[in-house]
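Student: Encoded as structure tokens, here's the structure I'll be asking about.
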Amino acid sequence: MARYTGAVCKLCRREGKKLFLKGERCYTGKCAFERRSYAPGQHGQNRKKISEYGLQLRAKQQARRYYGINESQFHKYFIMAEKKQGVTGDNLLRICESRLDNVVYLLGWANSRNEARQLVLHGHYLVNGKKVNISSYLLKAGDELAIKAESKNSEKIKAILEINASRPVPQWLDIDKDAAKAKIVSLPERDQIAAPVEEHLIVEFYSK
């Protein structure tokens, strides 16, 4: 399935909630969802009753769009989550959170998850001392990340780090901002995941 390349603000409006797809812009008055919180299109402002299936579908789409994952990959993650011990919904979000592009964003090394994917693809980051350019690479507890030495001198990377210098980092990540290094202390618990999704509805959707 091709990756969505349209206006990302329309995705938030379609889902009826902020998915923070544009990074810092989403926290300002320029956010399109703040100005037009109804769905896009000619009939976007018409209220419609949503069925149980519709709620489950929307929950799944919200999670996919929040993390920027296509349908086949997301379904694969669900199957992985089912096979793990524990709560399937929590396992699913934990897998999504451990993606390299997501962690790069959470560390403040990119302004959005979309930008994080691009920077990972261009090979700016190291995992355990080796260059990894696969955005869906799943990290595990104990893994160490760093920005490549030559990438630290990039004007783009410097600007990103300056903009996000004060952004808080989740407790399950340990970061040395001066050295541009970080470590995965542990994979996150549900209360450490900020994703605005209802994972139990996703489980119900795939369990039909």
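The values are calculated or read from the model by the stated rules, or taken from the named source; none is laboratory data. Just so it is clear, the structure is predicted and the values come from calculations on it, not from any experiment. For neighbour counting, all protein chains shown are included, and Cβ atoms are generated from backbone atoms with ideal geometry for every residue, glycine included.
Student: Of Tyr53, Tyr66, which residue is modelled with pLDDT under 95 and crowded, with 19+ Cβ neighbours inside 10 Å?
Tutor: Only one candidate passes the filter, namely Tyr66.
Student: Please enumerate the residues belonging to the stretch 46-95 that are among the acidic types (Asp, Glu) and touching a residue at least 40 places away in the same chain (Cβ under 8 Å).
Tutor: Residues satisfying the conditions are Glu71, Asp90.
Student: For the stretch 128-139, name all the residues that are under 11 Å from Lys183 (Cβ atoms) and either surrounded by 14 or more Cβ atoms within 10 Å (Cβ to Cβ) or among the charged types (D, E, K, R) (or both).
Tutor: Of everything in the stretch 128-139, just one residue is under 11 Å from Lys183 (Cβ atoms) and either surrounded by 14 or more Cβ atoms within 10 Å (Cβ to Cβ) or among the charged types (D, E, K, R) (or both), namely Leu139.
Student: How do the pairs read when you match residues in the stretch 163-182 that are over 19 Å from Ala194 (Cβ atoms) and in contact (Cβ under 8 Å) with a residue 12 or more places away in the chain with residues anywhere that are of a type in the set (Gly, Ala, Ser) and part of a strand (DSSP E or B), using Cβ under 9 Å and keeping only pairs 6 or more apart or on different chains?
Tutor: Qualifying pairs under 9 Å: Ala179/Ala146; Ala180/Ala146; Lys181/Ala146.
Student: Can you find, within the stretch 104-121, the residue that is surrounded by the most Cβ atoms within 10 Å (Cβ to Cβ) among those that are in a loop (DSSP other than H, G, I, E, B) and not small (Gly, Ala, Ser)?
Tutor: Trp109
Student: Test of understanding: among Tyr27, Tyr4, Tyr38, Tyr77, which residue is at pLDDT 65 or above and hydroxyl-bearing (Ser, Thr, Tyr)?
Tutor: Exactly one of Tyr27, Tyr4, Tyr38, Tyr77 is at pLDDT 65 or above and hydroxyl-bearing (Ser, Thr, Tyr), namely Tyr77.
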